[in-house]
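Undergrad: Structure provided below as structure tokens; questions to follow.
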Amino acid sequence: MNAHPRSADDADDEIDPDQHPRKLADCRRCGLWRNATQAVGGEGKRRATIMLVGEQPGDKEDLAGHPFVGPAGALLDKALEQAGVSRDAVYITNAVKHFKWQLRGKRRMHKSPAQAEIAACGYWLEQELDDIRPRVIIALGATALGALVPDRKLTLKAALGQSLRRGNTPVLVAYHPSFALRSPDPESRQAAFQTIVEALRRAGRLAGRA
Ligand code: URA
């Protein structure tokens, strides 16, 4: 972590879409790298048929360098298990590869990425999609949905039951695991969790590998 972190807001205006870094670790296409420990790329087999896309690494992921290894990842593992889909069968990544945060007390709290940062990081998501060529994509939450199916008017709630596509690839939509963890009441937490399980089950059927 940077010893003297600037506020995350400072990073928003440092967008340089003309940079085409070859390695994720060298990415300076936006300013989020400044306050992150490291970039966190996607993980999974190159032959994975299902791609899961979250928002951005959280505190634990930023430190570990792997996606979905913190509390949201534990919930995702539970959803994968309930859906009967092995974590080995999926490729897991995020729309944004650096952790954006702000200090609250001593804790680094998640801060939502700006539209320009999501767009700048689309450079990497595009490469992952080209490499993996999944049969089905699952957007976990609104940031991933916006990164995969750009349509300003499409809300996450409206997208939930729809048949969306990115090119020819079906895009299924679910709530983000963090929302399923933090939603105020148990019913909405359970309902959000179920959208993830359902999307995984459907993806398993569509990919021919439940
Ligand atoms: N939330 C995300 O969207 N991705 C992670 O990797 C962890 C938490």
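Undergrad: For the stretch 116-136, enumerate the residues that are within 17 Å of residue 56 (Cα to Cα), over 14 Å from the mean Cα position of the chain (by Cα) and without any contact (Cβ under 8 Å) to a residue 60 or more places away in the chain.
TA: 127
Undergrad: Turning to a different aspect of this structure: Just to verify a result, which residue in the stretch 90-107, among those that are open to solvent by 10 Å² or more (accessible area, probe 1.4 Å) and touching a residue at least 60 places away in the same chain (Cβ under 8 Å), is farthest from residue 191 (Cα to Cα)?
TA: The residue in question is 103.
Undergrad: Suppose we keep only residues that are more than 8 Å from the ligand (Cβ to nearest atom) and buried (at least 24 other Cβ atoms within 10 Å of the Cβ) within the stretch 46-75. Which one would you say is farthest from residue 136 (Cα to Cα)?
TA: 53
Undergrad: Go through the stretch 28-45 and report how many residues are away from the ligand (no atom under 14 Å from the Cβ) and surrounded by fewer than 17 Cβ atoms within 10 Å (Cβ to Cβ).
TA: The qualifying residues number 3.
Undergrad: Just to be sure, is residue 119 of a type in the set (Gly, Ala, Ser), open to solvent by 60 Å² or more (accessible area, probe 1.4 Å) and assigned to a helix (DSSP H, G or I)?
TA: On the way: of a type in the set (Gly, Ala, Ser): yes; open to solvent by 60 Å² or more (accessible area, probe 1.4 Å): yes; assigned to a helix (DSSP H, G or I): yes.
Here the answer is yes, as residue 119 does meet what is asked.
Undergrad: Specify which of the listed residues (38, 56, 82) is in a helix (DSSP H, G or I), at pLDDT 95 or above and among the polar types (S, T, N, Q).
TA: After ruling out the rest, the residue left standing is 82.
Undergrad: If you scan the stretch 61-77, which residues turn out to be touching a helix residue (DSSP H, G or I) at 6+ places or on another chain (Cβ under 8 Å) and more than 26 Å from residue 116 (Cβ to Cβ)?
TA: 69, 71, 73, 75, 76, 77
Undergrad: A further question on this structure: So how many residues does the stretch 76-89 have that are within 14 Å of the ligand (Cβ to nearest atom) and either open to solvent by 10 Å² or more (accessible area, probe 1.4 Å) or of a type in the set (Asp, Glu) (or both)?
TA: 2
Undergrad: A follow-up question, please. Taking helices (runs of 4 or more DSSP H) that fall entirely within the stretch 153-210, which contain at least 2 residues that are at pLDDT 95 or above and within 16 Å of the ligand (Cβ to nearest atom)? If you could, list the steps in order and put the result at the bottom.
TA: Working: elements: 156-159, 177-182, 186-207.
Fully inside the stretch 153-210 and qualifying: 177-182, 186-207.
The values are calculated or read from the model by the stated rules, or taken from the named source; none is laboratory data. Predicted model only: the values in this text are computed from it and were never measured. Cβ coordinates were reconstructed from backbone atoms using ideal geometry, including for glycine residues, and neighbour counts include every protein chain displayed. All accessible areas refer to the heavy atoms of the entire protein, side chains included, with ligands and DNA or RNA removed. Shrake-Rupley method; radii C 1.70, N 1.55, O 1.52, S 1.80 Å.
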